[in-house]
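K.L.:
Have a look at this one.
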């Protein structure tokens with residue numbers, strides 16, 4: 001749960017603390033009921049539908065990025081993905097590929113420039 005909603009949930013619990021009745025439910029059951037009811041309210045308010053729109057846009061952007069990756073050289077594509085998505089350093093990539101560090105940096109720099117150009121079209 002994102003931090004803002006978590007904080008709002010805690011505030012609700014704090015404000016409704018006097019309504020807690022241990023004869024009716026355990027503290028965790030009471031807390032879960034409050035969180036569940038808030039989630040239902042948000043879904044009914046249409047907030048859920050509005051939040052799904054960025055996921056659709058994100059999927060379209062991912063497809064566009066994939067298409068742009070297909071337009072650049074394979075070695076550049078693999079190096080960029082390994083560096084930015086795989087967490088490898090340029091040194092590690094150069095060693096794994098058997099090329100000088102400067103060459104690896106150039107592959108990645110040129111590949112990123114081509115990606116940017118493609119995405120701006």
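Read-outs: derived from the displayed coordinates by stated rules, not from any lab. Model, not experiment: these values are computed from the prediction. When we count neighbours, we look across all protein chains shown, and the Cβ atoms used for this are built from the backbone with ideal geometry, even at glycine.
K.L.:
Using 0.36 nm times the number of residues separating residue 109 and residue 28, minus their current alpha carbon distance, what extension gain do you get?
P.N.:
23.9 nm
K.L.:
Then there is this: Spin-label point model (7 Å from Cα, Cβ direction): what's the residue 19 to residue 97 distance in nm?
P.N.:
6.0
K.L.:
Can you give the extra length, in nm with one decimal, that the chain gains between residue 42 and residue 74 once fully stretched, where that is 0.36 nm per residue apart less the Cα-Cα distance?
P.N.:
So the extension gain works out to 7.0 nm.
K.L.:
Related question: If R₀ is 30 angstrom, what is the calculated FRET efficiency for the pair residue 35 and residue 88, using the beta carbon separation as r and rounding to 0.05?
P.N.:
Approximately 0.15, to the nearest 0.05.
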